[in-house]
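S.K.: Let me begin by handing over the structure; questions about it come next.
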Amino acid sequence: MPLTESCKADIETALHRFLPNLQIENTEPYLFSDEEGYRKLIAGVTASDGRHVVVKLVHEDDDLAVEQQKIERQSCYSERLRSYGIATPKRYTVDDRYCVLSPLNGDAVCATVEDWCGCEVQSISVPLAYRIGRLLAKIHSISLQDGFRIGTGTLFGAATKNDVNAFNRLISICEDPRIDQEIFAQIQRLYQSKMDALRSVWSRLPVAATQGDISINNLVDTGETLIVFDYNNAGDEVLVSDMVLEGLLTAYEMDLPENTPPEVPQQLFLAFEQGYRSVRPLNGDEQKAAWEIYVLYDSLWFTKIVYSEQSVQKLLEREDTDGVNRKLRAMLSDLLREDDGRFSE
């Protein structure tokens with residue numbers, strides 16, 4: 001999508017606050033949305049000296065000052081990880097600040113500038129899942145050691161509201177009288193008991209800052225090193241929750257090569273968590289919590305409930321009530337699994 005001259009001028013204005021002597025040769029838009037209450041422009045800029053940087057102009061939250069403070073803390077965290085040896089793009093400052101206010105189509109937004117680090121990973125594999133698990137464990141270990149906090153939550157709090165819990169949607173869907181109510185009632189009881197068990201240990205589990213979305217869309221693979229970028233979801237989280245839910249996201253939601261066998265997602269998760277634990281073994285409370293989180297969310301993963309063509313939602317839309325009930329029986333069977341010791345090996 002071509003940029004307007006106004007947007008190009010706003011990119012240049014922001015960029016030259018951070019890098020006043022940079023001569024722009026080319027600007028390439030990566031993402032642009034300009035709607036009421038949601039403005040986001042991300043563009044790659046190539047300079048005449050060959051440097052390549054990324055300019056981000058965003059305003060997604062209601063309170064611009066709060067959003068600026070959050071992005072500043074996320075940027076500080078990125079730089080702290082970089083200082084500990086994590087491969088992540090360098091961020092630039094204006095008067096010692098990583099995030100400043102700058103115009104976009106006449107309105108103030110949050111502006112940041114960082115180095116471009118390469119093209120994102122296109123598909124997942126078992127060896128790559130292992131490496132991602134190791135990288136996440138290194139990030140968690142550094143965060144625990146450093147003690148840095150961002151002051152916001154993440155997408156992956158298993159005992160709180162999160163982006164991969166669709167159980168309320170399942171409740172609504174299962175109001176349909178054609179669905180096996182006895183099976184669903186058992187699922188509800190197990191869901192609540194496992195959530196209660198998880199919440200009972202939640203306050204004892206280690207918490208630290210984390211990048212918040214270590215999907216392949218936010219990784220560059222040089223062959224020797226994984227580079228992590230995009231900290232817009234970075235926050236403070238219970239680390240074992242971040243590990244399990246990001247592992248399941250890696251297993252179920254990343255692009256796979258064509259003709260991948262159906263058992264590969266489970267292999268991906270196993271590789272991810274083994275990679276993680278090879279760097280950061282879990283303590284006793286974390287091991288128990290990891291199993292509860294895994295069984296709960298693997299059994300009731302959100303795309304098994306909504307969105308995917310074989311989800312409960314889509315099956316019911318196609319009037320396939322037998323398929324829905326088979327899906328629910330499989331969920332119940334998965335929820336009844338006994339701890340196989342995978343998190344304590």
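Each value in this text was obtained by applying a stated rule to the coordinates, not by laboratory testing. Owing to the predicted nature of the structure, the values given are computational and were not obtained by experimental measurement. FYI the Cβ positions are ideal-geometry reconstructions off the backbone, even for glycines, and counts take in every protein chain you see.
S.K.: How high is the relative contact order of the stretch 267-339, in percent, counting Cα pairs under 8 Å that sit 6 or more residues apart?
M.R.: Numbers: 31 pairs, mean separation 18.2, N = 73.
Computed value for the stretch 267-339: 25 percent relative contact order.
S.K.: Sort the stretch 100-148 into rounded, prolate or oblate with this rule: let a ≥ b ≥ c be the square roots of the eigenvalues of the Cα gyration tensor; rounded if a/c is under 1.5, and if a/c is not under 1.5, prolate when a/b is larger than b/c, oblate otherwise.
M.R.: Working: a/c = 3.94, a/b = 1.64, b/c = 2.41.
Oblate is the answer for the stretch 100-148, as a/c is 1.5 or above yet b/c matches or exceeds a/b.
S.K.: Determine which residues of the stretch 115-140 fall in the zone a paramagnetic label at Leu256 would reach in this model, i.e. backbone nitrogen under 14 Å from the point 7 Å along Cα→Cβ.
M.R.: The answer is 123-127, 129, whose backbone nitrogens lie closer than 14 Å to the label point.
S.K.: A further question follows. Rounded to the nearest 10 degrees, what's the angle between the helix 181-202 long axis and the longest principal axis of the chain, both from Cα atoms, 0 to 90?
M.R.: Roughly 60 degrees, rounded to the nearest 10.
S.K.: With a ≥ b ≥ c taken as the square roots of the eigenvalues of the C-alpha gyration tensor of the stretch 29-107, please select rounded if a/c is under 1.5 and otherwise prolate if a/b is larger than b/c or oblate if it is not?
M.R.: Values: a/c = 2.03, a/b = 1.25, b/c = 1.63.
Judged from the Cα gyration tensor, the stretch 29-107 comes out oblate (a/c at least 1.5, b/c at or above a/b).
S.K.: So for the stretch 5-115, averaging the separation of alpha carbon pairs under 8 Å that are six or more residues apart and normalising by length, what relative contact order in percent results?
M.R.: On the way: 194 pairs, mean separation 29.7, N = 111.
Relative contact order comes out at 27 percent.
S.K.: Treating the angle as unsigned and between 0 and 90°, give the value, to the nearest 10°, between the Cα long axis of helix 264-279 and the longest Cα principal axis of the chain.
M.R.: Roughly 70 degrees between the two axes.
S.K.: Between Ser83 and Arg204, with labels modelled 7 Å along Cα→Cβ, what's the label distance in nm to one decimal, could you check?
M.R.: 3.4
S.K.: Sorting Trp116, Trp301 on the 10 Å Cβ count, fewest up front, what's the list? Could the numbers behind the result be given before it?
M.R.: Details: Trp116 17, Trp301 23.
By the 10 Å Cβ count, ascending, the order reads Trp116, Trp301.
S.K.: Right, something else. Calculate how steeply helix 239-253 sits against the longest principal axis of the alpha-carbon atoms of the chain, using the helix alpha-carbon long axis, and give the answer as 0 to 90 degrees to the nearest 10.
M.R.: 90
S.K.: Give the Rg (one decimal place) followed by the Dmax (whole number) of the chain, computed from C-alpha coordinates and expressed in Å.
M.R.: In order Rg, Dmax, the Cα atoms of the chain give 22.0, 69 Å.
S.K.: Between Ala9 and Glu317, 0.36 nm times their residue separation minus their Cα-Cα distance comes to what? Show your work: numbers first, answer last.
M.R.: Numbers: separation 308, 0.36 × 308 = 110.88 nm, distance 4.77 nm.
Taking 0.36 nm per residue and subtracting the Cα distance, the gain is 106.1 nm.
S.K.: If I take every Cα pair under 8 Å that is 6 or more residues apart in the chain, average their sequence separation and divide by the length, what percent do I get for the relative contact order? Each step should come with its number before you reach the end.
M.R.: On the way: 562 pairs, mean separation 61.4, N = 345.
It rounds to 18 percent for the chain.
S.K.: Along the stretch 97-102, what does the Karplus equation 6.51 cos²θ - 1.76 cosθ + 1.60 (θ = phi - 60°) give for ³J(HN,Hα), rounded to whole Hz, x for Gly and Pro?
M.R.: 10, 7, 10, 10, 8, 8
S.K.: Another one. Which GluC sites (Glu not before Pro) from the stretch 226-258 combine a DSSP loop assignment with at most 11 other Cβ atoms within 10 Å?
M.R.: Working: sites: Glu237, Glu246, Glu253, Glu258; in loops: Glu258.
Of the GluC sites (Glu not before Pro), the ones in loops of the stretch 226-258 whose Cβ has at most 11 other Cβ atoms within 10 Å are Glu258.
S.K.: Still on this structure: At 0.36 nm per residue, minus the direct Cα-Cα distance, what do Ser333 and Gln267 gain on full extension? Give it in nm, one decimal, please.
M.R.: Details: separation 66, 0.36 × 66 = 23.76 nm, distance 1.95 nm.
That works out to 21.8 nm of additional length.
S.K.: Just to confirm a number: summing +1 for Lys and Arg and -1 for Asp and Glu over residues other than Gln186 whose beta-carbon lies under 11 angstrom from that of Gln186, what do you get? Please list the in-between numbers first.
M.R.: Working: positive: Arg189, Arg329; negative: Asp180, Glu182.
Local charge sum for Gln186: 0.
S.K.: Okay, moving on. Taking the Cβ of each residue in Ile86, Ile150, Ile132 as the centre, tally the other Cβ atoms inside 10 Å and list the residues starting with the fewest. Show your work: numbers first, answer last.
M.R.: Details: Ile86 18, Ile150 22, Ile132 28.
Placing the least packed residue first, the sequence is Ile86, Ile150, Ile132.
S.K.: Here is a follow-up. Arrange His52, His140 by Cβ neighbour counts within 10 Å, fewest through most, would you?
M.R.: Details: His52 15, His140 23.
The most exposed by this proxy come first: His52, His140.
S.K.: Gap in Å between the Cα centre of the stretch 323-345 and the Cα centre of the stretch 17-66?
M.R.: Taking the Cα centre of the stretch 323-345 as reference, the centre of the stretch 17-66 is 45 Å away.
S.K.: While we're on this one: With θ set to phi - 60°, apply the Karplus curve 6.51 cos²θ - 1.76 cosθ + 1.60 along the stretch 6-23 and write out the HN-Hα couplings as whole Hz, x wherever there is a Gly or Pro.
M.R.: 5, 5, 4, 5, 5, 4, 5, 4, 5, 4, 6, 6, 7, 10, x, 9, 6, 9
S.K.: Amide H to amide H under 5 Å from Val109: which residues, 5+ apart in sequence or cross-chain, H placed 1.01 Å off N in plane?
M.R.: Counting only residues 5 or more places away or on other chains, the set is Ser102, Leu104.
S.K.: Which value at 222 nm does the chain reach when only helices count, each DSSP H run of 4 or more adding -39,500 (n - 2.57), with the total divided by all residues and rounded to the nearest 500 deg cm²/dmol? Can you show the working numbers first?
M.R.: Details: 11 runs with 156 residues, N = 345.
Taking each H run of at least 4 residues, the total per residue is -14500 deg cm²/dmol.
S.K.: Got a sec? Which residues in the stretch 233-265 would a label at Tyr307 touch, if it sits 7 Å along Cα→Cβ and we count backbone N under 12 Å?
M.R.: Once the point is set 7 Å along Cα→Cβ of Tyr307, 249-250, 252-255 turn out to lie under 12 Å by backbone N, inside the stretch 233-265.
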